[in-house]
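The structure under discussion appears below in the form of structure tokens.
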Amino acid sequence: MTVNNSIFQKIDNIGLAKACLIIVIMAMIVRFSYIFFFIQEEYLLLEDQKVYINLALEYSKTGFLGMTPERAPGYPLFLSSLYSIFSENQLYIITVQAVIDSISCILIGLLAQAVFSRSLLIAGIMSALNMNMIILSATILTDTLFLFIFLIFLLLLVKYLQRETWLWLFLSVLFLSVATLVRPVAYYLLPILLIGLVIWRIWQKDGIMRIITMVALYIFFVALVLGGIHHRNYTKYNSTAFASDTGKHLLGWVVPATYQYSGKGTYQDGQLLAYKKLNLAQKRDNLPSLPSNEFDASAYQIRVGKDILSELGFVSIIKAWSTGFALNLLAPSVAYAPIVRAMEHPSFYATRGNNGADKLYNYISSSGFFYLLILTIGTSISALFFFAAIYAVVKVVLSILRKEDSVISPRIIITLSLFVGYFLAITGPIIGVKYRLPIEPILTIFILSSKWFNSDSNS
């Protein structure tokens with residue numbers, strides 16, 4: 001029996017301008033409604049949100065050189081610029097972010113259009129209704145701005161992979177560098193991408209001078225954006241590192257999470273272990289306190305953290321990272337909404353458990369009924385989204401291996417898959433739905449690669 005997917009044909013033929021207008025209107029209605037009905041100003045002054053607000057105020061007084069090197073300057077600069085226009089009104093900030101996030105929905109649609117030559121409106125609508133995007137756009141955190149810039153990078157990179165024009169390549173590198181200014185999570189993606197490009201150009205049998213020129217220009221555009229930070233950090237702190245929070249993050253978050261999810265004990269036990277090992281190391285090295293230089297302190301914490309991870313062993317690290325992958329992919333986005341977080345439930349990190357499953361069981365059993373209900377619905381949606389993406393990717397890969405026609409080129413699906421792996425690996429055992437945000441547009445693209453969305457498919 002032949003099924004004509006005429007509805008998808010009509011959607012794909014709606015026209016670029018009309019599709020973009022529909023997407024942005026829908027996205028803004030949903031986001032403004034969420035802000036109006038569910039967000040109160042006190043919700044915008046919690047945890048890291050307050051940190052970024054203070055950094056923005058610090059930036060406006062001291063400038064870039066006086067700002068703490070613990071965080072990247074991109075987002076504080078963004079906030080500071082908005083404060084100069086709207087004063088210190090946090091609701092204006094998330095209103096601007098709602099607009100930016102709505103434009104991101106269009107970018108995801110354009111990414112789908114670039115990959116498939118269709119599905120712009122479908123991808124845009126899926127993004128407009130993406131709960132993670134909606135909730136995070138109403139928080140004073142780096143995620144929404146980072147996603148917007150990262151999507152521009154992805155779109156430009158896909159253009160390069162399709163046409164191999166250097167303009168697209170170096171524009172994409174420029175935007176990836178700017179994205180790194182907002183969230184350093186993309187920092188290691190820059191050298192990884194360069195290595196991948198060199199390998200690919202060698203595979204394409206490019207001449208050595210052409211490859212050297214590409215590498216030189218790549219480094220130039222990265223340095224153009226990030227060189228100022230490295231110069232500041234080297235001259236002021238005698239460090240070539242990008243930010244000074246790496247050691248604190250490794251010792252304070254990664255080590256305890258790895259200790260727990262590997263089955264060694266509770267998260268709290270892991271924190272005590274990290275604190276104990278740090279104290280022992282300081283006594284051994286005759287250090288009454290950590291170095292006053294923030295980068296030296298970070299480097300010292302990194303050494304201690306690496307020693308602990310080495311003692312835990314490779315198997316423990318794999319267990320912890322695998323648990324982190326699963327929880328971050330399946331965690332319900334709605335759990336991050338302030339109105340849901342206010343419901344009866346314990347802190348996930350404060351919940352005891354000797355491994356991921358034990359911790360999750362204790363967390364669930366200590367939560368209220370309505371919170372659990374929302375958690376169950378949200379987790380089901382996340383699981384459906386993820387497994388649909390995996391299913392679609394497997395089908396595409398199999399069609400490529402069988403040398404059948406595929407709706408997505410091998411080089412694009414490999415590149416996008418590597419980005420998914422990168423963000424999951426860099427996040428590791430640290431749990432939070434916000435860490436999934438950069439890969440959700442890619443998962444949307446994967447889902448749309450399914451033949452169900454292909455107007456030429458039969459069933």
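We did not get these values from a lab; they are worked out from the coordinates using the rules stated. Note that the structure is predicted; figures quoted are calculated from it, not measured. With ideal geometry, Cβ positions are generated from the backbone for all residues, glycine too; neighbour counts draw on all protein chains shown.
Only Cα pairs under 8 Å and at least 6 apart count here; give the relative contact order of the stretch 223-317 as a rounded whole percent.
That works out to 33 percent.
Can you give me the angle between helix 143-163 and the longest principal axis of the chain, using Cα atoms only, in degrees from 0 to 90, rounded to the nearest 10?
That helix lies at roughly 50 degrees to the long axis.
Helix 369-401 versus the longest principal axis of the chain: what is the Cα-based angle in degrees, 0 to 90, to the nearest 10?
With both axes taken from Cα atoms, the answer is about 60 degrees.
Mind computing the radius of gyration and Dmax over the alpha-carbon atoms of the stretch 122-178? Å is fine for both.
When restricted to the Cα atoms of the stretch 122-178, Rg and Dmax are 13.5, 38 Å.
Starting from the exponent 0.38 and prefactor 2.2 Å, build the expected Rg for the stretch 7-241 from its residue count and divide its actual Cα Rg by it. Spell out each step's value before the answer.
Values: Rg = 19.8 Å, N = 235, 2.2 N^0.38 = 17.5 Å.
In units of the globular-protein estimate, the stretch 7-241 measures up at 1.13.
I need the fraction of alpha carbon pairs in the stretch 304-459 separated by more than 27 Å, rounded to a whole percent. Before the final figure, lay out the partial values.
Working: 4504 of 12090 pairs.
Counting pairs separated by more than 27 Å, the tail of P(r) holds 37 percent.
Please compute the Cα-Cα pair-distance distribution of the stretch 40-102 with 10 Å bins starting at 0, giving whole percents from short to long.
Percent of Cα pairs in each bin: 22, 55, 22, 1.
Using bins 10 angstrom wide from zero, how does P(r) for the chain break down, in % of all Cα pairs?
4, 18, 28, 29, 17, 5, 1, 0
Per-residue ellipticity at 222 nm for the chain, helices alone: DSSP H runs ≥ 4 residues times -39500 (n - 2.57), over residue total, nearest 500 deg cm²/dmol? Before the final figure, lay out each step's value.
On the way: 21 runs with 327 residues, N = 459.
About -23500 deg cm²/dmol.
As an exercise, find the ratio Rg/Rh for the stretch 244-312 from alpha-carbon atoms, using the Kirkwood inverse-distance average for Rh. Let's see the in-between values first.
Numbers: Rg = 11.6 Å, Rh = 11.9 Å.
We get a ratio of 0.97 for the stretch 244-312.
What lysines does K277 reach when the alpha-carbon gap must be under 27 Å and sequence neighbours fewer than 8 apart in one chain are set aside?
Result set, ordered by chain and number: K248, K264, K306, K319, K359.
Dividing the Cα convex hull volume of the stretch 80-202 by residue count, how many Å³ per residue is that? Mind dumping the intermediate values first?
Working: hull volume 13.3 nm³, N = 123.
Dividing the Cα hull volume of the stretch 80-202 by its residues yields 109 Å³.
With the contact rule set at Cα under 8 Å and sequence spacing of 6 or more, what percent relative contact order holds for the chain? Write down the numbers at each step before the final one.
On the way: 597 pairs, mean separation 84.1, N = 459.
Relative contact order of the chain: 18 percent.
What length, rounded to one decimal in nm, is gained on full extension from R303 through to A281, with 0.36 nm per residue of separation minus their alpha-carbon distance? It would help to have the intermediate numbers written out before the result.
Numbers: separation 22, 0.36 × 22 = 7.92 nm, distance 0.96 nm.
Going from the current span to full extension adds 7.0 nm.
Note down the relative contact order for the stretch 322-459 as a percent, whole number, built from C-alpha pairs under 8 angstrom at least six residues apart.
Numbers: 123 pairs, mean separation 48.7, N = 138.
RCO, the stretch 322-459: 35 percent.
Please give the helix 189-203 orientation as an angle from the longest Cα principal axis of the chain, in degrees from 0 to 90, rounded to the nearest 10.
Tilt relative to the chain: about 50 degrees.
Given Cα positions, please report Rg to Rh for the stretch 353-440, the hydrodynamic radius being the Kirkwood one. Don't skip to the end; give the middle numbers.
On the way: Rg = 17.2 Å, Rh = 15.7 Å.
Expressed as Rg/Rh, it is 1.09.
Using the 10 angstrom Cβ neighbour count as an exposure proxy, how do I108, I192 rank, fewest first? Kindly include the intermediate steps, with their values, before the conclusion.
On the way: I108 29, I192 12.
Starting with the residue having the fewest Cβ neighbours, the order is I192, I108.
Once the mean 1/r over all distinct Cα pairs of the stretch 276-340 is inverted, what Kirkwood radius in angstroms do you read off? Can you show the working numbers first?
Values: mean 1/r = 0.0677 Å⁻¹.
About 14.8 Å for the stretch 276-340.
Going by C-beta contacts inside 10 Å, put K50, K205, K277 in order with the fewest on the left. Walk me through the intermediate numbers first.
Numbers: K50 12, K205 6, K277 17.
Ordered by Cβ neighbours within 10 Å, fewest first: K205, K50, K277.
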